[in-house]
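Trainee: Sharing a structure here in structure tokens format.
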Amino acid sequence: MRVNTLKRAAVAFALALPGAAVATAVAAPPAHADGCYTWTRTLASGSSGTDVRQLQIRVAGWAGYGGIVRVDGRYGPETAAAVRRFQAAYGLRADGVAGPQTFAKIYALQDDDCTPKHFSYAELDNGCGKGGWSGGPLSASATRENALRAMWKLEALRRSLGDKPLYVTSGFRSIACNRQVGGASDSQHLYGGAADLTSRSRTLCEIARSARDRGFSGIYGPGYPDHGDHVHVDSRRENTKDKSPNATDWSAPKCGVN
């Protein structure tokens, strides 16, 4: 975990101010609240723009069973529903409107490089230890962006499992790395949006079952060949650059995930 003390203190102070609970429909948090991205207006159904897109990245892990949140900059029903689930998960008023309280919680979860506080770029970096985001089918920047989206889904998965640590044993792989470890020829790991997970406090089946509600369209775990010691999650439905169908594919038969 990486903690930005000043940011946490600023958020806590803002939440303690009189009237903070009724400010949702008035204005977004002050510009100094975060070092990554700052929202300057309240967002609700019908809103559109870059600020909506940034919100969608951060609530995509609250898509609901079998769902995804499209990162398209349009605040539609699936975004509103994900915001409600995010709000409920963190004890906020679950109204589907993203205002100061919602943004304050995101700021509290977010580090200055835009990653969620319990995951880092280093964890999802080149799986064979060489580092960097190049060597895959996408540009390094596009691969890194996919890894960021994956991390916010992992943060939601972690929260749904009681905020117990999840460990990433494999994230992005270059083409050479993927070949070295015997990965599928068009593995989702090549695109930066996949992660293999373990836990010391939750069973693999608990991870696999919860992942169904966290925006992951690819899930493989116990009962699937070579996945008896980890759970693989990815976002293949959203990947338009691979050679695979953009469809949900879950298989962890020993966990009842099919």
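Rule-based calculations on the coordinates, nothing more; no lab input. A quick note: this is a predicted structure, and the numbers were derived from the prediction, not measured. Cβ sites come from the backbone with ideal geometry, for glycine too, and all protein chains shown count toward neighbours.
Trainee: In percent, how large is the relative contact order of the stretch 135-258, given Cα pairs closer than 8 Å and 6 or more residues apart?
Mentor: Numbers: 234 pairs, mean separation 28.9, N = 124.
With pairs under 8 Å counted, the relative contact order is 23 percent.
Trainee: Shifting gears a bit: Pairs of Cα atoms under 8 Å, at least six residues apart: use those to get the relative contact order of the chain, whole percent.
Mentor: After rounding, I find 17 percent.
Trainee: A follow-up question, please. If you fit an axis through the alpha-carbon atoms of helix 5-16 and take the longest principal axis of the Cα set of the chain, what angle between them do you get, 0 to 90°, nearest 10?
Mentor: 50 degrees
Trainee: For the stretch 135-185 and the stretch 61-108, what is the centre-to-centre distance using only Cα atoms, to the nearest Å?
Mentor: Value for the Cα centre distance between the two parts: 22 Å.
Trainee: Turning to a different aspect of this structure: What are the residues whose amide H is under 5 Å from the amide H of Val257, where those residues sit 5 or more places off or on another chain and H is modelled from the backbone?
Mentor: The answer is Ala252.
Trainee: Where does the charge balance sit around His227 when Lys and Arg score +1, Asp and Glu -1, over other residues with C-beta under 13 Å from its C-beta?
Mentor: Values: positive: Lys254; negative: Asp196, Asp226, Asp229, Asp234, Asp249.
My count for the surroundings of His227 gives -4.
Trainee: For the chain, what is the calculated [θ] at 222 nm in deg cm²/dmol (nearest 500), taking -39500 (n - 2.57) for each run of four or more DSSP H residues and dividing by its residue count?
Mentor: Roughly -9500 deg cm²/dmol at 222 nm, from the helical runs in the chain.
Trainee: Taking 0.36 nm per residue of separation and subtracting the Cα-Cα distance, what length does fully extending Asp72 through Asp226 add?
Mentor: Contour length minus the Cα-Cα distance gives 51.9 nm.
Trainee: Cα gyration tensor of the stretch 205-245, axes a ≥ b ≥ c as square roots of the eigenvalues: rounded (a/c below 1.5), prolate (a/b > b/c) or oblate?
Mentor: oblate
Trainee: Now for a separate question. Which of the residue pairs Lys130/Lys254; Lys105/Lys164; Lys105/Lys243 have a Cα-Cα distance greater than 29 Å in the structure shown? Could you put the intermediate results ahead of the total?
Mentor: Details: Lys130/Lys254 34 Å; Lys105/Lys164 18 Å; Lys105/Lys243 37 Å.
Cα-Cα > 29 Å for Lys130/Lys254; Lys105/Lys243; rest within.
Trainee: Also, quick follow-up: Can you tally the net charge around Gly132? Count Lys and Arg as +1, Asp and Glu as -1, for every other residue whose Cβ sits under 13 Å from the Cβ of Gly132.
Mentor: Local net charge: +2.
Trainee: Okay, next question. Ranked highest first by average number of other Cβ atoms within 10 Å, how do 77-83, 48-54, 223-229 line up?
Mentor: Taking the mean over residues of other Cβ atoms within 10 Å, the ranking is 77-83, 48-54, 223-229.
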